[in-house]
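*Asks:* I'd like to ask some things about the structure below.
Any read-out appearing in this document is the output of simple, stated calculations on the displayed coordinates, not a laboratory observation. It should be emphasised that the depicted structure is a prediction, and the values quoted were computed from it without experimental measurement. Counting neighbours? That spans all protein chains shown, and the Cβs are built from the backbone with ideal geometry, glycine included.
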Amino acid sequence: MIFKKIIGIDLGTDTTQIYLKDTGVVVNEPSIVAFNNRTNRVVAVGGEAKKMLSRTPAHVTALRPLSHGVIADFDMAKEMLERFLKREQMPWSWLTEVVVSVPTNLTEVERKSVEDLLKEVGAHRVYLLEQPLAAAFGSHLEINEPTAFLIVDIGAGATDMAIISMNGIVVSRRIKIAGDHLNNEIIKAVREEMKLNIGEPTAEEIKIGVGSAVPTGERLEIIIRGRDVSSGLPREVVIKDTQVRFWLIRSLKMIIETLKDLIESAPAELVGDIYKNGMYFCGGGSLLRGLDQLVQKEIGVPVRIVEEPLNCVARGTGLVCERIDSYGHVLNNFSSLNLGK
Ligand SMILES: Nc1ncnc2c1ncn2[C@@H]1O[C@H](COP(=O)(O)OP(=O)(O)OP(=O)(O)O)[C@@H](O)[C@H]1O
Ligand SMILES: [Mg+2]
């Protein structure tokens, strides 16, 4: 008997998750590679490499091989995946089929690059599954019904949004404003307003610690440390939720404008369905305090954050893995599906 393994992969800008059929999520690690730039050898990947980000000695560079959900450094992405897959709990053979989630609106070249990557690490057959569809599967939405669902996935590198009906994407938008962009806005504002240089991990700490989209009723503060812009010496400052809200609002409004544009481009019948069904938010960015309230106020349609919003795309690829045969007809309808030869 030929032993076929099927795995699902969410290759995210911030996090890579791997789902093994009949087992569940076996890898959930930061998408980061640290390598020695004297020898060009990879020294760590995932969580180990994340610890090195912004704190690396001169000869070690830590980088993210994905940028805005797209492979930016093919060789590093390959090394990273190989190391994740070779771990003990991930048996890997040439007869492995992979369902990999990809952002919407990729170019042919970008899609091919994902397919090539998986093939180079040993996949026998590669199925590309658009992220909003994966998120909808992972959230158990009845997307095979003749009604429409609107999914918004706010990740690290991009916000992907799509209106889905009868197992297919009807209209979609993708913008490069998501978690990383919010962190950069915080870095810029802290430098300009507080004359302090901070790194990305501190910006993320501020965003997750006290960030919000609307006043939440509680006053939040965080103490952070950085380097004074003029003296170059370490300094500590207190940052309040009101400041962070002000720094983030412009980017959040841009996401909302794109969402309005998406809804305007959809057929009227589907808009009625969305009004009835509400909008589903997922991805780490959807966890920003009060984001649901802000979007609901601006668009006038209820917002639901899906269960476990950080894992729903991986769960969706997993669900397709579990029933790859019965999903065959569904897979063939995916606009970005590529069957490996
Ligand atoms: N509680 C929170 N509040 C705000 N942002 C959060 C929170 N938790 C995580 N994030 C942000 O979510 C982002 C990571 O989300 P996610 O894991 O969905 O991204 P990804 O799938 O790796 O990226 P992409 O889909 O863009 O390729 C990071 O930018 C992180 O800062
Ligand atoms: Mg994602």
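*Asks:* Kindly establish whether Val43 is more than 18 Å from the chain's Cα centre (by Cα) and among the aliphatic types (A, V, I, L, M).
*Replies:* yes
*Asks:* Looking only at residues that are small (Gly, Ala, Ser) and touching a Pro at 6+ places or on another chain (Cβ under 7 Å) in segment 21-48, which one is farthest from Glu79 (Cα to Cα)?
*Replies:* Restricting to residues being small (Gly, Ala, Ser) and touching a Pro at 6+ places or on another chain (Cβ under 7 Å), the top hit is Gly47.
*Asks:* Report those strands (runs of 3 or more DSSP E) wholly inside segment 102-180 carrying at least 2 residues which are within 16 Å of ligand 2 (Cβ to nearest atom), in contact with a Lys or Arg (Cβ under 6 Å, 6 or more places away or on another chain) and at positive phi.
*Replies:* Result: empty, no element qualifies.
*Asks:* Being crowded, with 18+ Cβ neighbours inside 10 Å and touching a residue at least 40 places away in the same chain (Cβ under 8 Å) is the filter here; which residues of segment 218-240 pass it?
*Replies:* Residue satisfying the conditions is Ile239 alone.
*Asks:* Assess whether Ser230 counts as being over 30 Å from Leu141 (Cβ atoms) and out of contact with any strand residue (DSSP E or B) (no Cβ under 7 Å at 6 or more places or on another chain).
*Replies:* Judged against the criteria, Ser230 is a match.
*Asks:* Further question on the same structure: Given the criterion out of contact with any Leu (no Cβ under 9 Å at 6 or more places or on another chain) and surrounded by 21 or more Cβ atoms within 10 Å (Cβ to Cβ), identify the matching residue among Asp22, Asp14, Asp10.
*Replies:* Of Asp22, Asp14, Asp10, the one residue that is out of contact with any Leu (no Cβ under 9 Å at 6 or more places or on another chain) and surrounded by 21 or more Cβ atoms within 10 Å (Cβ to Cβ) is Asp10.
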